[in-house]
Amino acid sequence: MLKLEYRDYTLDFKFEAGTSRGILKDHPIVLLKIYDADHPEVFGLGEAAPLRNLSPEKVEDVRESLATLGSKLKSMSMPDSEEEVFGLVSRLVAPDLPSLKMALETAFLDLINGGRRLIFNNDFYRGKSAIAINGLIWMGAGEAMREQIADKLSAGFKCIKMKIGAIDFDQELSLLRLLRAHDPDLIIRVDANGAFATDVVFSRLSQLEEFGIHSIEQPIMAGQHEAMQLLCKRTPIPIALDEELIGVNEFSQKQELLKLIRPQYIILKPTLLGGFGATLEWISIADQLGIGWWLTSALESNLSLNAIAQFAGRFPSSGYQGLGTGQLYHNNIDSPLEVTGAFLSYNHEKEWMNVF
């Protein structure tokens, strides 16, 4: 008989994390545990980490669903493959609870792999390869952002992602000028989180063009499909869809969206998209259409970061991933994950923190 336990956990930021949607100081999440009642010593862990003002669901919605989910699991047999896990979770959880789908997939995959926090078995998990990651520069006062830039450059990052759209745009341009002056070969990504209005976005993109920007994430608010289609067609800077993908759940809808807008890239955040099964669908469609992509965590704890990193390990040639968020919190879950320079790796000499 399968059993489910869950508990609340609040991640506390080391600093005020600025985005175009406001300041984040903490991040409430729900941790869950699944095991066979006959073998409680072997269990899988998952994390539902909806983002305030972005995820379709709230933490309260996750808790409410979990309260009834436990009784359903008691009558179900253990899935024994990745495909069975994805199918079971899709039947158990509504599509408007993507972080819960992610949590259940992670916990089930962990459980069927022996309860060792092994989600996807590849060279990354085995400690034989590391994942190249971008360095993230958070929005804030100009001086604070300069300090972040200096730290990331001194750490050896070759790909920097900078949040833009919340402070004075001229200040942001000066920071980008600083980055480009440091290294003409530096890969620079910017993320506007939908901050630019449609009547100014082309002028903003033109001003950004001089810095050789690799890509800009979500320059305008999601849901403006015709405007985004035109933007992707005429932009001087490659555009990556991010928030645009949230809430698009059916395979046919995903195809329709990408065929209509034809972005240069898409950003894949399993917590916001409904887990790994849903993310694989986006990858399949993007590959068919010649659209680039990379994976990004969504401010989860190390528990989900580990799962996403192992998933990224299946695609070793997919470029720099957005997986450097494990050092954001005072009270993150201790794990074997390590960031060394611009690389994320799995160190089997380190142990997982006990969260239940």
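The values are calculated or read from the model by the stated rules, or taken from the named source; none is laboratory data. The shown structure was predicted, so the numbers you read here are calculated from the model rather than taken from an experiment. Positions of Cβ are backbone-derived with ideal geometry, glycine not excepted, and every protein chain shown enters the neighbour counts. Each accessible area value is taken on the protein alone, full model and side chains, heavy atoms only, with ligands, DNA and RNA left out. Shrake-Rupley method; radii C 1.70, N 1.55, O 1.52, S 1.80 Å.
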Discussion item. Only one of ALA130, ALA141 is of a type in the set (A, V, I, L, M, F, W, C), farther than 15 Å from LEU31 by Cα, open to solvent by 10 Å² or more (accessible area, probe 1.4 Å) and under 21 Å from the mean Cα position of the chain (by Cα). Can you tell me which?
Written reply: ALA130
Worksheet entry | Sole residue being of a type outside the set (Lys, Arg), touching a strand residue (DSSP E or B) at 6+ places or on another chain (Cβ under 9 Å) and more than 20 Å from GLY275 (Cα to Cα), chosen from SER99, SER75 | SER75
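Go through the stretch 150-169 and give me each residue that's touching a Phe, Trp or Tyr at 6+ places or on another chain (Cβ under 8 Å), closer than 20 Å to PHE15 by Cβ and outside any loop (DSSP other than H, G, I, E, B). Walk me through how you get there before you give the answer.
Let us first name the residues in the stretch 150-169 that are touching a Phe, Trp or Tyr at 6+ places or on another chain (Cβ under 8 Å), namely 158-159, 163, 165.
Going one step further and asking which of them are closer than 20 Å to PHE15 by Cβ, we end up with 163, 165.
Correct list: LYS163 only.
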Practice prompt. Go over the candidates GLU172, GLU147 one by one and state the one that is part of a helix (DSSP H, G or I), crowded, with 16+ Cβ neighbours inside 10 Å and out of contact with any strand residue (DSSP E or B) (no Cβ under 6 Å at 6 or more places or on another chain).
Written response: GLU172
Discussion item. Condition first: assigned to a helix (DSSP H, G or I) and either of a type in the set (D, E, K, R) or open to solvent by less than 20 Å² (accessible area, probe 1.4 Å) (or both). Can you find one or more residues in the stretch 180-188 that meet it?
Written reply: yes
Worksheet item: Could we say that GLU57 is charged (D, E, K, R), out of contact with any strand residue (DSSP E or B) (no Cβ under 6 Å at 6 or more places or on another chain) and in contact (Cβ under 8 Å) with a residue 24 or more places away in the chain here?
Response: yes
Discussion item. For the structure I just gave you, tell me whether LEU208 is of a type in the set (A, V, I, L, M, F, W, C), more than 19 Å from the chain's Cα centre (by Cα) and part of a helix (DSSP H, G or I).
Written reply: yes
Item to complete: Would you mention how many residues in the stretch 256-277 are closer than 23 Å to LYS161 by Cβ and not basic (Lys, Arg)?
Response: 13
Fill in: Residue list for the stretch 246-292, filter: assigned to a loop (DSSP other than H, G, I, E, B) and open to solvent by 30 Å² or more (accessible area, probe 1.4 Å)
ILE246, GLY247, ASN249, GLU250, ARG262, GLN264, GLY290
Worksheet, complete the sentence: Here the residues within the stretch 293-316 that are of a type in the set (A, V, I, L, M) and either open to solvent by 10 Å² or more (accessible area, probe 1.4 Å) or more than 12 Å from the chain's Cα centre (by Cα) (or both) are LEU299, LEU303
Worksheet item: In the stretch 310-322, how many are touching a residue at least 12 places away in the same chain (Cβ under 8 Å), more than 16 Å from PHE120 (Cα to Cα) and part of a loop (DSSP other than H, G, I, E, B)?
Response: 3
Item to complete: List every residue pair whose Cβ atoms sit under 9 Å apart, with the two residues 6 or more apart in sequence or on different chains, where the first one lies in the stretch 276-290 and is in contact (Cβ under 8 Å) with a residue 40 or more places away in the chain and the second, anywhere, is open to solvent by 50 Å² or more (accessible area, probe 1.4 Å) and among the small types (Gly, Ala, Ser).
Response: GLY277/SER90; ALA278/SER90
Worksheet entry | Count of residues meeting criterion [of a type in the set (S, T, N, Q), in contact with a helix residue (DSSP H, G or I) (Cβ under 8 Å, 6 or more places away or on another chain) and in a loop (DSSP other than H, G, I, E, B)] in the stretch 211-230 | 1
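Is it the case that some residue within the stretch 13-22 is touching a Ser or Thr at 6+ places or on another chain (Cβ under 6 Å) and within 25 Å of LEU136 (Cα to Cα)?
No, the stretch 13-22 contains no residue that is touching a Ser or Thr at 6+ places or on another chain (Cβ under 6 Å) and within 25 Å of LEU136 (Cα to Cα).
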Discussion item. What pairs come out if I take residues in the stretch 29-48 that are within 17 Å of THR68 (Cβ to Cβ) and pair them with residues that are open to solvent by less than 10 Å² (accessible area, probe 1.4 Å) and in a loop (DSSP other than H, G, I, E, B) whose C-beta lies under 8 Å away, six or more apart or interchain?
Written reply: VAL30/ALA49
Worksheet entry | Checklist (1) touching a helix residue (DSSP H, G or I) at 6+ places or on another chain (Cβ under 7 Å); (2) farther than 24 Å from GLY156 by Cα; (3) part of a loop (DSSP other than H, G, I, E, B) applied to SER335, failing item | (2)
